[in-house]
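**Q** Here it is, the structure, as structure tokens.
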Amino acid sequence: MISARTGVLCVIGNPIEHSMSPKMHNAAITALDLDLVYMAFNVPPGRLEGAIAGIKALGIIGANVTIPHKINVMQYLDEIHPLARNIGAVNTITNVDGVLLGSNTDGLGAMKALKECNVELDGMNIVIAGAGGAARALGFTLAPEVSRISILARRERKSKQLARDIKMANDSTDVEGFSMAPSIITRQVRSCDLFINATPVGMHPNESECILENDWLQPNTCVFDLVYNPLETKLLEMAKAIGCKIVHGLDMLVYQGAVAFESWTGICPPISSMKQAALVALDNRK
Ligand code: NAP
């Protein structure tokens, strides 16, 4: 029951109507019987500064930040976690006694999703397709764990820049950027332990698209698709048929939310309740 004491959590973005975060977080709040509520606020770009001031003024406990504000929001926060600073984007704000701390939980969420599927990252040779926000988050977070990262992007300049940025923060990891020429993808993918799709290829309504050809994967390669709509992309279907271990983007979505929830409340939320709510929300989108 909402009362005058109920604490507020929220997500800000533009548009925001399709966000699955309210369903996931409110499911965790209900399961834990906490006096909290999680709302979604549509914040147009011109209103971002005011919205952040509002978080302080209203004593909102924590917020998620989504497209298009993940980068611009940084200038309005009091402190930025070093990992988020490296990634160059914030997806979580924690209000600690009026001080707003920005962090990025995407990479940690991805790492937890991989660990949940018993993917042992230590010493792995990984390939990340894409050089956008999600690729940056995964690259910076996974770099200390793995031995080699190859970044493949359709604009080679972007993959090389990201590789340089990651390398600068993680000296002992071998990081290289490449184009997406088929000969390069084939060579990199055939020799890797983990392939991560951090592009929107295969996402609804383009479910028939796939970033890889059928014979580029080996059965001993683990395949992680960040795309979560549909739940099982063509890439994951193909990988499963070959016998590869697969990791779903929905698990990353749930875990990045869980990391944020814990930073706001100090409580580790029930993953199963959040995942169930995310699955229902995804189903309702159809
Ligand atoms: P982004 O910043 O826009 O980056 C997208 C990247 O994919 C860019 O490098 C882009 O290249 C590349 N790309 C786009 N279309 C492509 C195509 N047809 N072929 C090859 N490369 C292509 O997006 P993002 O935030 O990184 O998100 C990427 C995907 O991850 C999205 O599907 C998003 O929904 C998903 N995601 C999932 C989670 C989760 O929790 N599961 C979290 C974050 C993101 P250009 O720069 O050349 O355009």
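**Q** What is the distance in Å between the Cα centres of region 106-139 and region 207-259?
**A** Each part reduced to its Cα centre gives a spacing of 12 Å.
**Q** Scan the chain and note any complete DSSP helix (H) whose C-alpha atoms cover at least 18 Å along its axis and whose Kyte-Doolittle average is -0.5 or more.
**A** In the chain, the long hydrophobic H runs are 249-265, 271-284.
**Q** Expressed as a rounded percentage, what relative contact order does region 107-247 have, with Cα pairs under 8 Å and six or more residues apart? Present the calculation step by step, with values, prior to reporting the outcome.
**A** Working: 275 pairs, mean separation 29.7, N = 141.
Reported relative contact order: 21 percent.
**Q** Work out from phi, with θ = phi - 60° and the Karplus expression 6.51 cos²θ - 1.76 cosθ + 1.60, the ³J(HN,Hα) of each residue of region 202-213, listed in order in whole Hz, and give x for Gly and Pro.
**A** Couplings: x, 7, 3, x, 9, 4, 7, 7, 8, 6, 10, 7 Hz.
**Q** List every residue whose amide H lies under 5 Å from the amide H of HIS204, counting only residues 5 or more places away in sequence or on a different chain, with H placed 1.01 Å from N in the peptide plane.
**A** Hits under the 5 Å cutoff: ASN229.
**Q** Explain nothing, just the number: relative contact order of the chain, from Cα pairs under 8 Å at least 6 residues apart, as a whole percent.
**A** 17 percent
**Q** Go ahead and estimate [θ] at 222 nm for the chain from helices alone: -39,500 (n - 2.57) per DSSP H run with n ≥ 4, summed, over the residue count, rounded to 500.
**A** The per-residue figure over the chain is -12000 deg cm²/dmol.
**Q** Then there is this: Quick query: amide H of TYR38 versus all other amide H atoms, modeled in the peptide plane; which residues come in under 5 Å with a sequence gap of 5 or more or a different chain?
**A** LEU9
**Q** Provide the solvent-accessible area of ASP171, counting protein heavy atoms only and rolling a 1.4 Å probe, rounded to the nearest 10 Å².
**A** Looks like 120 Å² after rounding.
**Q** Quick one: work out the % antiparallel among DSSP beta bridges in the chain, nearest 5.
**A** The antiparallel fraction comes to roughly 20 percent.
**Q** What residue among ASP33, ASP225, ASP106 has the largest mean-square fluctuation in a Gaussian network model of the chain, using Cα springs under 10 Å?
**A** Checking each option, the largest mean-square fluctuation is seen for ASP33.
**Q** Let me ask something else about it. For LYS275, give me every one of the lysines with a C-alpha distance below 19 angstrom, ignoring sequence neighbours fewer than eight places off in its own chain.
**A** Reachable lysines: LYS23, LYS112, LYS115, LYS286.
**Q** With an 8 Å Cα cut-off and a minimum separation of 6 or more residues, compute the relative contact order for region 228-286 in percent.
**A** It rounds to 27 percent for region 228-286.
The values are calculated or read from the model by the stated rules, or taken from the named source; none is laboratory data. Here the structure is a predicted model, which means the values were calculated and not measured. Protein only, heavy atoms only, side chains kept; ligands, DNA and RNA dropped before computing areas. Shrake-Rupley method; radii C 1.70, N 1.55, O 1.52, S 1.80 Å.
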